[in-house]
Every structure is written in structure tokens, then in C-alpha cells.
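Working notes, beginning with the structure itself.
Where a number appears in this text, it was derived from the coordinates with a stated rule and is not lab data. Quick caveat: nothing in here was measured; it's all calculated off a predicted structure. We place every Cβ from the backbone using ideal geometry, glycine too, and count neighbours over all the protein chains shown.
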Amino acid sequence: MQCERAIEFGVLPRAIDIHVESHKLVVGLKTGSIIECDLATDSMTTYIQGHNSGEIWGLDMEGGYVYTSGDDNQVKQWDPMTRKCTNTADVNQVDRKAKKNKASTLGTFADSKCARALAISS
């Protein structure tokens, strides 16, 4: 068996489906994103994008956007009409463990990079 072609997604694919007639590859990634890859042009379209790891804890709405935060050191701005992430920001740059009363998490980031609540103010 020989590899004829490799496609780089940046993270580990978790699920793959191919539609031979339309030359489309649909890939579910470890990040929770679902991407369609056009095999004829190598163009990629992200249909759903998620947080990278851990749970999502914070949720707020402001100005027609939905905002989420979680245990992956990210705050994300979503456009509900297109169902796509339009902006991403880091929670913190510093790795710091909690002194005590650590909250449980499935994420792998330091406590200082996990967000348990979110409030947006215009």
C-alpha cells in the first residue's frame, strides 16, 4: 500500500467520511470542528468549530453574537447566523496552579488558563 496524497488538518482527525461522486471529504477533528475538504481544489470549509479541550463553562450573548469560554484557555465569539467562530482570545498567558479547592476538569490547561464564567459588557 502506498500513500498517494496527504492532507494536513493541523490536529488529529477523529472521524472521516468521503463522498466519491462530489470529491468531498468530511472530517471531524479532535477540536470538535467539522471540516469539508474539496479534493479537487484542496479548499477547506469549516462548518462547525468547537473549543479545543475540556468543558465549556461560560456563555453570554451580546450584540447578535454568542460568546463561550472554557477549560481550553479560549474565549470565542460566534456568529449564530453562520454558525462559525468569528474571533478567539486567550484567557491568560501565565501557567499557575490553584492554591486549594481546585475545580474538576477534563481539560489539560493550568488552572489560570481555565474560565468558569463569562460576562460581556458593551
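Computed quantities for the displayed model
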{"read-out": "Ranked packing of 113-121, 5-13, 62-70, most packed first, by mean Cβ within 10 Å", "value": "62-70, 113-121, 5-13"}
{"read-out": "Environment charge at ASP72 (Cβ cut-off 15 Å; Lys +1, Arg +1, Asp -1, Glu -1)", "value": "-1"}
{"read-out": "Unit charges at the beta carbon, dipole of the chain: most positive-side option, MET61, THR86, THR46", "value": "MET61"}
{"read-out": "Structure-derived Rg and Dmax of the Cα atoms in Å - corresponding label in (i) 19.7, 64; (ii) 17.5, 57; (iii) 15.6, 46", "value": "(ii)"}
{"read-out": "Set of aspartates and glutamates near LYS76 by C-alpha distance (under 19 Å), chain-local residues within fewer than 8 positions excluded", "value": "GLU55, ASP60, GLU62, ASP90, ASP111"}
{"read-out": "Rough spin-label spacing in nm, given labels placed 7 Å along Cα→Cβ, for CYS3 and THR41", "value": "2.6"}
{"read-out": "Mean separation of Cα contacts under 8 Å (6+ apart) over length of the chain, as relative contact order %", "value": "18"}
{"read-out": "Under 5 Å, built H, 5+ apart or other chain: amide partners of LYS24", "value": "HIS19, LEU39"}
{"read-out": "Estimated dipole of the chain in Debye, rounded to 20 [Cβ of Lys and Arg +1, of Asp and Glu -1, Cα centre]", "value": "720"}
{"read-out": "Candidates MET44, MET81, MET61: whichever shows maximal mean-square fluctuation once the chain is modelled as a Gaussian network with Cα springs under 10 Å", "value": "MET81"}
